[in-house]
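Structure first, then comments.
Computed from the coordinates by the stated procedures, all read-outs in this text should not be read as laboratory data. Keep in mind that this is a model prediction, so the values were computed, not measured. FYI the Cβ positions are ideal-geometry reconstructions off the backbone, even for glycines, and counts take in every protein chain you see.
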Amino acid sequence: MEKGAGGDGVDHTVVQDDAERARSKDRSEALPRPEVPGYEMERQLGAGSYGEVWLAIHKNTGRRVAIKFFSRFKGLDWPLLKREVGKLVEVVSERRVVHLLHVGWDADPPYYVMEFLSGGSLADRLSGRTLPVRDAVAVVREVAEALVYLHGKAILHCDLKPANVLLDDRGQIRLADFGQARLSSEAGPAVGTLFYMAPEQAEAGARPDVRSDIYSLGALAYTMLTGRPPYARASGSEGIASSGSTQERIERYKKLIDDSPSPSEHHRVEGIDRAFAALVDRCLEKDPARRFENVPQVLESLAVRDRRTTRKPLVVLGLLGPLALLMAFAGVGLWARHQAVSRATSALTEQTLESAEGYAELIAAVVDRNLSAVKRQVERETKERDVVHLMQRGDADAKSALQGRTDALYESYRDRHIHNWVVADANAVVLARTPFDERVVGSRYAYREWFSGIEDVAPEKAPSVAIPRADTGITLAFESTAAGRPLLVSVASPIWSEDRTRVLGVLAATVHLATFNDWIADAEGPKDDTGCPDRFAVLLNRGQLVRHPCPADSAAKLPLGRGDYFEAGAVSRLVSSEIGRSDSYLDPLRAGRSHFAALTRFRENPDWMTIVEHDRILAMSPITSLSESFGTLAWLGAGFGLAVVVGLWALLYRLIREESTGTKRKDILSLGL
């Protein structure tokens, strides 16, 4: 990989192995002036153990580019460089990543062409200096935005440092040097640059994740604020990056971090605010579990900081405003109050609806995936050759073998919350059931949906000629007669003959709906005094309500049919709406309570859907409290403002009388008269 300097001007890069380091000491003289078809070389930008970087001009377009040449005789790690190019190709459309324009691996020397950034690197800009807090925050935000894109592509940079942060002609950043970058799914360590790489990267068998890049982002911020990376001034850091083998340097680096207190010099930087210092602290946590979980959390923390910083001067101005301004802006204040409440209401409404949508999509994805997994399992079993042969035989031995088969399936899928497995022949007679039930085996179930694919009818209305289902499907929910009377659904699939000309029977697995309900209940969190969480989810299957955690009427018993819930006005309007969400949804089972609601249909099982509801009164309680607080503060503020202004007038009057020079009077008047 390339070597790069930190903000302190010292090279801390950990090379890949000691053999490469030795070879780089004996590298040959610089390459002769290179040539690339279609480009005119202008001047050399830099040289190192890998070769040279030249500034060139594309002859046809006049565009200035940077061309990176590699010498074959310098112990170069070609797989590493090709991986770097591969990662650049993956992110070629991202505006905050250096763009790769052309690759010439077959040339001599090999090269690749990148866009030329005239602003140099962040390391050049620092060069032993520091940045103002405002500029450091801007760089952190831009680098974080680039990392969000990379991590969204499942790419970890793994070597974030000032030398790898380039600047374009407008001063905006571009990430470079993807020599250590890797997919988040790749195994194996990624060695970065000392004092910038996360401590877990120095552990044997380490496997980086997004939190490793977050540590490096914190180290970058620390360097911009203090002039040196974290732990670079710690006791024992001298010479750590310049002596010994790679493994020895890494081990010393890990021990240095373990033995040193957390870096705190950035807390003493002029102009630093508590929120940004805390953000850097969290990025630099030694334990990855205590860092931000992902980069969007870093950006959200910066956004929260910005909002708090923006409010401070407004609060100060409100406290110090004289009586004349209070009277003059009384009408404006009332208008601003209305606008603030209105905007806050709109913002909170949108935020709550987006949260409900995200939660609904999460629930739909998990439940959908589990339902589809069971469908695939059942369908796979019906295609097993021995099952087909046993169904074709249909004798006593075959029935016994089928019972053994369902016993084995029950044990194999016990962790899937399977209630039972059933095999019926083409006449709807149950041949085997596990757990075994003598009342069921041998009985005819042509009236059941799991067999026919048609909704259940009364046994006496069962068709005289049994017609088994022709495809795999999920039944409506039904209440079991077993202990606890759990809610169940059956996943059933036909067993076709080998020539696919007739259905030999049906295999069905019955699933506990508690499989999903328990997980969703944990995600919903604690319940209030009414027994309902602030935010909860309902599940519907073909309009049948199969989950509702807190109906107002305790007598409501699930499952509820379409006419009892789905076809109610509010539900049908939500289902038929284009956006699938509402800020005034009236749940039929919670009459009189308005909710924010978002609906999501399952992708693989579109008969299923979930509606996530958030109690509107509870969700909007911050706005209600804010509005009430405005009214109280208006009266208190009027009295307090009047007292302050009267006191200020008295003080100024006294000072004016005591002052004898025009300068002192001018200072008094500057207080606000």
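Annotation: peptides 217-225, 98-106, ranked by per-residue average of other Cβ atoms within 10 Å with the highest first, follow the order 217-225, 98-106. Grab the other residues whose beta carbon is less than 15 angstrom from that of Asp499, score K and R as +1, D and E as -1, and report the net. That works out to +3.
How would Tyr39, Tyr196 line up from fewest to most surrounding beta-carbon atoms within 10 angstrom? All intermediate terms of the calculation are to be shown ahead of the outcome.
On the way: Tyr39 20, Tyr196 29.
Lowest to highest Cβ neighbour count: Tyr39, Tyr196.
Size descriptors for the range 340-619: radius of gyration and Dmax over Cα atoms are 21.3, 78 Å.
Listed here are the pairs Lys375/Lys399; Lys153/Lys254; Lys68/Lys161; which of them are more than 26 Å apart at the Cα? Kindly include the intermediate steps, with their values, before the conclusion.
Values: Lys375/Lys399 23 Å; Lys153/Lys254 29 Å; Lys68/Lys161 20 Å.
Over 26 Å apart, Cα to Cα: Lys153/Lys254.
3J(HN,Hα) along the range 296-305, derived from phi through the Karplus expression 6.51 cos²θ - 1.76 cosθ + 1.60 where θ = phi - 60°, amounts to x, 5, 4, 5, 5, 4, 5, 5, 4, 4 Hz, with x in place of Gly and Pro. Neighbour counts of other Cβ atoms within 10 Å put Ser594, Ser464 in the fewest-to-most order Ser464, Ser594.
The simple Förster model, with R0 at 51 Å and r as the Cβ-Cβ distance, assigns Val440 and His58 a FRET efficiency of 0.05.
The HN-Hα couplings worked out from phi for the range 490-507 by the Karplus form 6.51 cos²θ - 1.76 cosθ + 1.60 (θ = phi - 60°) are 10, 10, 10, 9, x, 9, 8, 5, 4, 8, 6, 9, 8, 8, 7, x, 9, 10 Hz, whole numbers, x standing for Gly and Pro. Listed peptides 491-500, 446-455, 608-617 appear in the order 608-617, 446-455, 491-500 once ranked by packing, highest mean of other Cβ atoms within 10 Å at the front. Each of the peptides 535-541, 159-165 was scored by the mean count of other Cβ atoms within 10 Å over its residues; in descending order, highest first, they stand as 159-165, 535-541.
Averaging Cα coordinates gives a centre for the range 462-500 and one for the range 583-627; these two points are 33 Å apart. Short-range pairs are left out: with C-alpha atoms under 8 Å and at least six residues apart, the relative contact order of the range 340-619 is 19 percent. Out of Thr472, Cys532, Leu487, whose Cα points farthest toward the positive end of the dipole of the range 464-534 (charges: +1 Lys, Arg; -1 Asp, Glu; placed on Cβ)? Final value for the positive-end residue is Thr472.
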